[in-house]
1. Suppose the filter is closer than 29 Å to B:I201 by Cα, among the small types (G, A, S) and out of contact with any helix residue (DSSP H, G or I) (no Cβ under 8 Å at 6 or more places or on another chain); does A:A39 pass it?
2. Taking A:R191 as meeting all but one of (1) within 12 Å of chain B (Cβ to nearest Cβ); (2) crowded, with 19+ Cβ neighbours inside 10 Å, write down the number of the exception.
3. If you check B:V157 against the conditions, is it more than 8 Å from chain A (Cβ to nearest Cβ) and either crowded, with 23+ Cβ neighbours inside 10 Å or in a helix (DSSP H, G or I) (or both)?
4. Taking B:A164, is it more than 8 Å from every other protein chain (Cβ to nearest Cβ) and under 26 Å from B:A66 (Cα atoms)?
5. Would you be able to tell me the number of residues in region B:72-116 that are closer than 22 Å to B:A267 by Cβ and more than 21 Å from the chain's Cα centre (by Cα)?
6. Determine whether A:A39 is surrounded by fewer than 19 Cβ atoms within 10 Å (Cβ to Cβ), farther than 30 Å from A:G223 by Cβ, more than 19 Å from the chain's Cα centre (by Cα) and at pLDDT 95 or above.
7. Would you check which residues across region B:96-126 are touching a helix residue (DSSP H, G or I) at 6+ places or on another chain (Cβ under 6 Å) and within 9 Å of chain A (Cβ to nearest Cβ) and list them?
8. So B:R199 ticks every box in (1) within 10 Å of chain A (Cβ to nearest Cβ); (2) surrounded by fewer than 21 Cβ atoms within 10 Å (Cβ to Cβ); (3) farther than 23 Å from B:G67 by Cα but one. Which box is left unticked?
Number of protein chains: 2
Amino acid sequence: MTADVTSPAQLRRVLLERVERRISDFLAVERERRCRVDARAGVPIDALSQLIGAGGKRVRPSFCIAGYLSAGGDQAATDGVVAAGAALEVLHTCALIHDDVMDASARRRGAPTLHTRLSAEHSRRGWAGEPHRFGESVAILAGDLALIYADVIMSEVITSVAYAPVQAAWAELRAELVVGQYMDLVAAAERSADPELARWIAITKSGRYTIHRPLVIGAAIAGRAELAPTFATYGDALGEAFQLRDDLIDAFGAAADTGKPAGLDFARHKMTLLLSLAMRRDSRVRDLVHCGDPDPDKLREVLIDAGVPDYLERRIDRLVDAGCRAVSAAPIEPGWQAELVAMAREVAYREN
Amino acid sequence: MTADVTSPAQLRRVLLERVERRISDFLAVERERRCRVDARAGVPIDALSQLIGAGGKRVRPSFCIAGYLSAGGDQAATDGVVAAGAALEVLHTCALIHDDVMDASARRRGAPTLHTRLSAEHSRRGWAGEPHRFGESVAILAGDLALIYADVIMSEVITSVAYAPVQAAWAELRAELVVGQYMDLVAAAERSADPELARWIAITKSGRYTIHRPLVIGAAIAGRAELAPTFATYGDALGEAFQLRDDLIDAFGAAADTGKPAGLDFARHKMTLLLSLAMRRDSRVRDLVHCGDPDPDKLREVLIDAGVPDYLERRIDRLVDAGCRAVSAAPIEPGWQAELVAMAREVAYREN
């Protein structure tokens, strides 16, 4: 394969397909092993397969593959980066399942959430105990299983060569994910309106967990851990842009686009990055939020009237520029510089 | 150190103390790192320290150390087995925290459970949202963090030499833990009275997760993975004995001994191994359980009247014998054969 016949975007797609197969092969083997004693043991594994199969943008595997290939990783020896991409996606599945329990969300990827589905099954079968508790318990365990499987898949990568930088980035990524989630909970509980805290949470959860560390893991597998600072700048900027886009979609987007109802954060009065920046910018937004339980439609109206969407679009533009400049200045193959710019735009200007 | 001046039990104690330090050092470093941005990020880490510091029998690190030393592991190079013991205990902390959420347990190790404590703090501070949900969410995240930390600590061991058997046993142990928990949930929901299923769950959760795999990990670190079949026989037998003892303590023990109220499984009509064996043995127990919601005191009375405690004590004796015979027949240093026999008795005849 040469750059002439295969574009970066094509290469990325080919490897992403291998990530899908790596995940489904792993789960199939694991399912067979666990079901040897009792077929019911397959239920939490099937739940993972179903959720992974139901969609998702595969943002983390994409960035991991981009990190590897942009660092000049060998295109003939991609088992490591494929496994790393699979581990990142399976880890993300844990995050989604546990998140949905914590948020009591009813839908995910256009279908009922795992805990909702299992709770309904408990009722339907007339089982003993409380359906709600059963559904949440299975979801907690299925999420734990995904966290473990992510590690089992990644440990292959880590032990295959002396991959200390991969190991370190993987440890950081996971701790940051959980601590970021925790800070998100606390900020919501405290109704913190501190835009710096909201920004830090966005950078941690969306920037580091989603973009920066996956890129660094990919680059480290390619033996180029020195690209880490470049990917940190790119990832942090894009992470903030990613979160702002998320917030804009939640506040102003349509349910059909995301597979989950719009306005969930709004309805829960979650102190999003969008809202904390808007409060700092406009006193009417501040007054409305401080009054307690603002009506979502009224809040949306005031945000539009205060020019918040435009203000945030300009902020996203600046963040994308900053991220892309870092990549353009780094010793990365030009074809991949362009691809990372395209990926930045995908993340920042996506519609769902 | 020679066997003359230091007995197996003493050596085990010395290494267990190092396991404690390994855990507290790890958590201290991690705490410092996470709190650099915001001191609140230390809360889930402090919750882990607190729970680990509140007690526990350290059964899994003990067996891991016993596996290492009984296999002739080098007493001058114990960093690996100490780290493995620490990883096992931190993993167990995840299991306890998530278990307490799933069971809605109020107390653990003589103190309020993590989710109960955080929920109370949420109320006290008058935070936004539902206290109960906040407490459970923090507990889900703290458990996830423990699961990740267990892996971070174990990955040191796995990468320090080519420890494929350690890696394999660690992967099995974690999957079995979660799948065993899941099967436990399902058996309870279905009110399954199948003693074979109950036995399989006991062997998986108590035998493999608690005894067999920790021993195998220890032996594998000592380079003697071929002891696995011996430790499988020992662990499976002792696991069943461990579970029967647990059930006996739950049914007939006192709250003061365990740090949690007795009779929880009874009160919840959980289909324990004890109950499923008793149902098979005695029709009065069967009738009472089948009638729906048996009164715990009445059930206890019938169990005693049917001779179930004595019957189970004899079963425990046979299991201990079988486990000890396997160890005595294996190529293990005699001092450690005796120690493993003593540990079997500790597990099977403990009073709390």
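The values are calculated or read from the model by the stated rules, or taken from the named source; none is laboratory data. Here the structure is a predicted model, which is why all the values come from computation and not from measurement. Cβ atoms come from the backbone with ideal geometry, glycine included; neighbour counts cover every protein chain shown.
1. Judged against the criteria, A:A39 is a match.
2. (2)
3. Against the criterion (more than 8 Å from chain A (Cβ to nearest Cβ) and either crowded, with 23+ Cβ neighbours inside 10 Å or in a helix (DSSP H, G or I) (or both)), B:V157 qualifies.
4. Against the criterion (more than 8 Å from every other protein chain (Cβ to nearest Cβ) and under 26 Å from B:A66 (Cα atoms)), B:A164 does not qualify.
5. Final tally of qualifying residues: 1.
6. So A:A39 fails the test.
7. Across region B:96-126, the qualifying residues are B:H98, B:V101, B:M102, B:H122.
8. (1)
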